[in-house]
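K.L.:
What follows is a single structure, and I will ask about it in a moment.
Taken together, the values in this text are just the output of simple stated rules run on the coordinates, not laboratory data. Because the structure is a prediction, the values reported are computed rather than measured. For neighbour counting, all protein chains shown are included, and Cβ atoms are generated from backbone atoms with ideal geometry for every residue, glycine included.
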Amino acid sequence: LEPLAAEHWGYRRKARLGVRWVAKKGRVLVGFRERGSAFVTDITGCDVLHPSVGDRLPELARLIEALSIRDRVPQIEVAMGDGPVVLVFRVLEPPSDPDLALLQEFAAETGFHVYLQEGGLETVRPLTGQGVELRYSLPRHQVHIDFEPLDFTQVNLELNRLMVDRALALLDPQPDEQVLDLFCGLGNFTLPIARRARSVVGVEGDEGLVQRAQQNAERNAIGNVSFHSADLYGDIELAPWRRDQYDKALIDPPRSGALEVLDLLAASGARRLVYVSCYPSTLARDAERLVHGLGYRLAAAGAMDMFPHTAHLESMALFER
């Protein structure tokens, strides 16, 4: 398959920025941690971050320098879809009232929406008046995906749209077919597939993502999809969705791959499988099992430049029985 590529600069809409107060320099560094190190690289901008954030790292550093807890802010999560930018400040102790006033002033001046995280994911909350809905669209499939700031979404929105288009073209779901989508997340592939298939079952390990995937189905008025929470690397023999037969399947696993569910896919009856991979090594391993152990044929494969200017590569492969 032809490689998929989109804009090479300013594409990144999700990121974790490292923050560090450096007493010897007398200032705060905001950027990215060096590989295998706790050190934050001293940079004034990032050309792969969306420019609304990538061009404003010095402003963020000056903001944190002005806080009473400048040495207690280890990171900032950046999240955006088609519209607003959310910055989630991880704080190791509560900000003072003057700190909160500075954060509110910064939000008003920049247009950013400021959230705080004082502990686990359940502690993420917007400052007063800062809450906002994050959303991205898949226009060719008439789907909108709503998400929370720390939910997993693809960092490269334009490439994600091309990726979904290709996955649908390869899978080619038909109106009389039932499709299985494993590691489905928020429904990034599930909901577009449901626009064309008879029914779709999405399975994901994160219960919060499953709930939001179901909400996304309801918001898009898609009624032929069901979502289930399950540890796909654990024991799923008794899972109710396993008893069904499927015509086709799509999987989008993490770096560890999908070896544990390949036999399940073969037993499900799926005669066509689209495999979206973020790590070529585990795709190669799983392809060996599918082709030499489970009776599939590798029909097509191609690379996707989700992270331009890095060594990271995503890929997609089509397998047929």
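K.L.:
Give a quick list of trypsin sites (Lys or Arg not before Pro) in the stretch 208-257 that DSSP marks as loop, anything other than H, G, I, E or B, with at most 16 other Cβ atoms within 10 Å.
P.N.:
Numbers: sites: 212, 219, 242, 243, 248, 255; in loops: 255.
The qualifying sites are 255.
K.L.:
Report, in degrees rounded to the nearest 10, the 0 to 90 angle that the Cα long axis of helix 97-110 makes with the longest principal axis of the chain.
P.N.:
60 degrees
K.L.:
Any idea what % of Cα-Cα pairs in the stretch 146-268 are farther than 25 Å? Write down the numbers at each step before the final one.
P.N.:
Working: 1270 of 7503 pairs.
It works out to 17 percent of all Cα pairs.
K.L.:
On C-alpha positions alone, give me the angle between the axis of helix 157-171 and the longest principal axis of the chain, in degrees, nearest 10.
P.N.:
It works out to around 10 degrees.
K.L.:
If you don't mind, another one. Given the chain, what percent of its DSSP beta bridges are antiparallel, to the nearest 5?
P.N.:
Details: 38 of 63 bridges.
Approximately 60 percent, going by the DSSP bridge assignments.
K.L.:
Could you work out [θ]222 nm for the chain from helices alone, using -39500 (n - 2.57) per DSSP H run of at least four and dividing by all its residues? Round to the nearest 500 deg cm²/dmol. Don't skip to the end; give the middle numbers.
P.N.:
Working: 8 runs with 80 residues, N = 321.
Result for the chain, helices only: -7500 deg cm²/dmol.
K.L.:
OK, next. For the stretch 52-211, count the residues as N, evaluate 2.2 N^0.38 Å, and divide the Cα radius of gyration by that value, please.
P.N.:
It is 1.26.
K.L.:
Which of the lysines could a cross-linker bridge to residue 14, judged by Cα under 24 Å and excluding same-chain residues fewer than eight apart?
P.N.:
Candidates past the 8-residue exclusion: nothing left.
K.L.:
Ignoring the sites themselves, what is the longest stretch of the chain with no GluC sites (Glu not before Pro) in a DSSP loop and at most 16 other beta-carbon atoms within 10 Å? All intermediate terms of the calculation are to be shown ahead of the outcome.
P.N.:
Working: sites that count: 7, 34, 118, 133, 237.
That would be 134-236.
K.L.:
Please compute the Kirkwood hydrodynamic radius over the stretch 263-312, one decimal place, Å, based on all pairs of different Cα atoms. Please list the in-between numbers first.
P.N.:
Values: mean 1/r = 0.0808 Å⁻¹.
Evaluated on the stretch 263-312, it is 12.4 Å.
K.L.:
For the stretch 1-142, what does the alpha-carbon gyration tensor say about shape, rounded, prolate or oblate, given a ≥ b ≥ c as the root eigenvalues, a/c under 1.5 as rounded, and a/b over b/c as prolate? Numbers along the way, then the final one.
P.N.:
Values: a/c = 1.99, a/b = 1.33, b/c = 1.50.
It is oblate, given that a/c is not under 1.5 and a/b is not larger than b/c.
K.L.:
Under 13 Å from the 7 Å Cα→Cβ point of residue 93, by amide nitrogen: which residues of the stretch 46-83?
P.N.:
Taking a point 7 Å out along Cα→Cβ of residue 93, the residues of the stretch 46-83 whose backbone N falls under 13 Å are 68-73.
K.L.:
Follow-up. So which aspartates and glutamates can residue 248 reach, going by Cα to Cα under 12 Å and dropping same-chain residues fewer than 8 places off?
P.N.:
Straight-line reach from residue 248, under 12 Å: 172, 176, 177, 181, 320.
K.L.:
Give the aspartates and glutamates whose C-alpha is closer than 15 Å to that of residue 24, dropping any in the same chain fewer than 8 places away, or say none.
P.N.:
Straight-line reach from residue 24, under 15 Å: 42, 65, 71.
K.L.:
Compute the long axis of helix 280-293 from its Cα atoms, compare it with the longest principal axis of the Cα atoms of the chain, and write down the angle in degrees, 0 to 90, nearest 10.
P.N.:
10 degrees
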